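The values are calculated or read from the model by the stated rules, or taken from the named source; none is laboratory data. Owing to the predicted nature of the structure, the values given are computational and were not obtained by experimental measurement. Backbone-built Cβ (ideal geometry, glycine too); neighbour counts: all protein chains shown.
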Amino acid sequence: MKKLVDTLASLRLAIFLFLALAATSILGTLIPQGRDPGFYLAKYGAFWGKLINLFSLYDAYHSWWYVALLSLFLANLIFCSVKRFPVSLKLFRRDPFSIDPRKMPLAREMSLEVSPEEIKARLKDFHFKPLKEGELGVKDRYRWSYFAVYFVHGSILIIVLGALIGAVWGYRGSMSILEGETSNKVFPFRRHQGFITLPFQIKLEKFEIDFYPNGAPKDYRSYVKILDGQKSLDYVIRVNHPLEYRGIKFYQASYQEYAALRIKAEVSGKHKEILVKPFQDGQWPEEELSIGLIRYARAHGFRMAQVWVSKGDHEPRMLWLIEGHRQTLSFSPEKISLTLVETRPLFMSGLQVRKDPGAILVYAGCALMILGVFVTFFFTHRRLWIYLVPQGNKTRIIAGGYSKRYREDLQKEIELLLTDLKSRLT
């Protein structure tokens with residue numbers, strides 16, 4: 001049992017876990033998150049693609065191994081802190097007068113033709129405690145700083161706990177909404193989890209996009225309406241300007257342009273206008289004719305759409321229709337003429353959705369860490385000793401000190417103390 005505790009409290013394990021978490025965090029940044037399995041096979045090849053899918057690197061920060069690393073790091077930090085706390089407590093309780101005045105660290109000395117009593121009176125101006133233990137005096141500052149490291153340890157514990165809560169009870173996913181449509185379904189990056197149903201609805205009222213002169217997207221935004229019971233709230237989601245509602249954040253991630261089509265169909269002297277919407281086929285039941293949209297595009301001032309056409313038991317056919325132009329298909333023994341009469345562009349907004357119930361703990365831990373690091377480096381425990389040795393009509397003054405760090409500064413402070421003391425007594 002003791003061996004297990006020592007292993008969990010070891011510094012080597014802490015360094016290993018820290019580097020492992022850093023490395024996996026880099027992987028989670030470099031590898032695109034939340035894509036389909038085929039994406040990783042195509043981009044990284046069969047071997048690496050299978051490895052990414054096997055170890056859930058497509059959702060690295062919610063994978064089982066990341067949660068395991070965080071849990072082990074949490075245990076290591078707790079055991080490490082508990083094991084080292086008695087040492088800090090012992091240093092805090094150490095009697096400052098227990099030092100041998102003849103073996104003071106960083107010692108400097110001088111002699112003055114004044115009595116020890118005059119020197120003792122002046123030492124009060126330098127905030128030294130009354131001399132006791134013979135002729136030994138102490139100035140003790142920031143002794144409590146021995147516990148500052150536990151502010152840092154505590155902050156890391158809070159950050160890791162917040163990350164664990166987010167990894168277990170939070171989620172990241174995506175949702176796509178067509179203009180005019182409403183949805184409350186989120187497709188999570190974790191596979192085999194199914195859809196996540198939001199406790200409210202989001203309606204995409206309008207999507208707008210601005211372009212640079214070279215045609216590249218400059219800015220795009222979604223005008224959405226939150227429908228939550230009797231409440232109806234309007235928001236705008238832009239790139240780098242997410243919407244946060246009820247602890248869930250929505251980021252503008254992508255868009256796709258589609259169109260609603262009005263197609264005139266002619267079959268055996270009869271004609272009919274068929275309305276085709278994205279993800280909703282147009283039908284002419286009497287002629288057993290179905291038309292569906294595959295993609296929509298604009299080029300050189302023309303609007304065009306690739307559609308599939310099915311009639312009766314015939315195999316579906318694909319073709320491009322250009323607005324205002326007539327195309328003819330043959331489904332033996334009949335011929336079908338199709339004319340793209342009108343196109344009404346529709347945009348689909350792609351949103352990334354994130355819920356992180358542990359975020360508040362992470363923010364609090366970061367604030368505590370800043371405080372702990374500040375205290376650790378700017379409030380170092382420092383002790384100054386003064387030892388007086390009577391020598392006839394003179395007094396020999398020995399000054400020494402101890403500091404956990406910044407010892408060069410302490411040496412300067414000791415020399416300055418003796419200089420100031422000399423100037424006040426002579």
Response to the item:
Here the residues within segment 294-320 that are over 48 Å from the mean Cα position of the chain (by Cα), surrounded by 13 or more Cβ atoms within 10 Å (Cβ to Cβ) and not basic (Lys, Arg) are 310, 314
Worksheet item: Of the conditions (1) surrounded by 15 or more Cβ atoms within 10 Å (Cβ to Cβ); (2) among the hydrophobic types (A, V, I, L, M, F, W, C); (3) over 30 Å from residue 362 (Cα atoms); (4) touching an Asp or Glu at 6+ places or on another chain (Cβ under 9 Å), residue 126 fails just one. Which one is it?
Response: (1)
Practice prompt. Would you check if residue 155 is outside the structural domain of residue 354 (by TED's automatic domain parsing) and either crowded, with 20+ Cβ neighbours inside 10 Å or within 30 Å of residue 381 (Cα to Cα) (or both)?
Written response: yes
Practice prompt. Give segment 385-406 a look and list any residue that's free of Cβ contacts under 8 Å to residues at least 40 places away in the same chain and of a type in the set (S, T, N, Q), or say none.
Written response: 403
Worksheet, complete the sentence: Result of the Cβ filter at 9 Å on segment 30-58, keeping first residues that are assigned to a helix (DSSP H, G or I) and partners that are polar (S, T, N, Q), at least 6 apart or interchain, is 37/53; 40/53; 41/53; 57/24; 57/33; 57/63; 58/33
Item to complete: Would you point out which residue out of 135, 118 is crowded, with 17+ Cβ neighbours inside 10 Å and acidic (Asp, Glu)?
Response: 135
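Do you know which residues across segment 79-131 are assigned to a loop (DSSP other than H, G, I, E, B), of a type in the set (Val, Ile, Thr) and within 27 Å of residue 408 (Cβ to Cβ)? Explain how you work it out, then say what you get.
First, the residues of segment 79-131 that are assigned to a loop (DSSP other than H, G, I, E, B): 94-95, 99-100, 104-107, 113-115, 127-131.
Imposing the further condition that a residue be of a type in the set (Val, Ile, Thr) reduces the set to 99, 114.
Residue satisfying the conditions is 99 alone.
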Discussion item. I want to confirm something. Restricting to segment 225-241 and keeping residues that are touching a Leu at 6+ places or on another chain (Cβ under 9 Å) and free of Cβ contacts under 8 Å to residues at least 24 places away in the same chain, which single residue is surrounded by the most Cβ atoms within 10 Å (Cβ to Cβ)?
Written reply: 235
Worksheet item: Within the bounds of segment 303-325, is there any residue that is charged (D, E, K, R) and either within 30 Å of residue 74 (Cα to Cα) or in contact with a Cys (Cβ under 9 Å, 6 or more places away or on another chain) (or both)?
Response: no
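Quick one: would you say residue 222 is of a type in the set (S, T, N, Q), under 13 Å from residue 350 (Cα atoms) and part of a strand (DSSP E or B)? Step through it out loud before you land on a result.
On the way: of a type in the set (S, T, N, Q): yes; under 13 Å from residue 350 (Cα atoms): yes; part of a strand (DSSP E or B): yes.
Yes: the conditions hold for residue 222.
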Practice prompt. Would you point out which residue out of 263, 237, 248, 226 is farther than 16 Å from residue 175 by Cβ, among the β-branched types (Val, Ile, Thr) and at pLDDT 90 or above?
Written response: 263
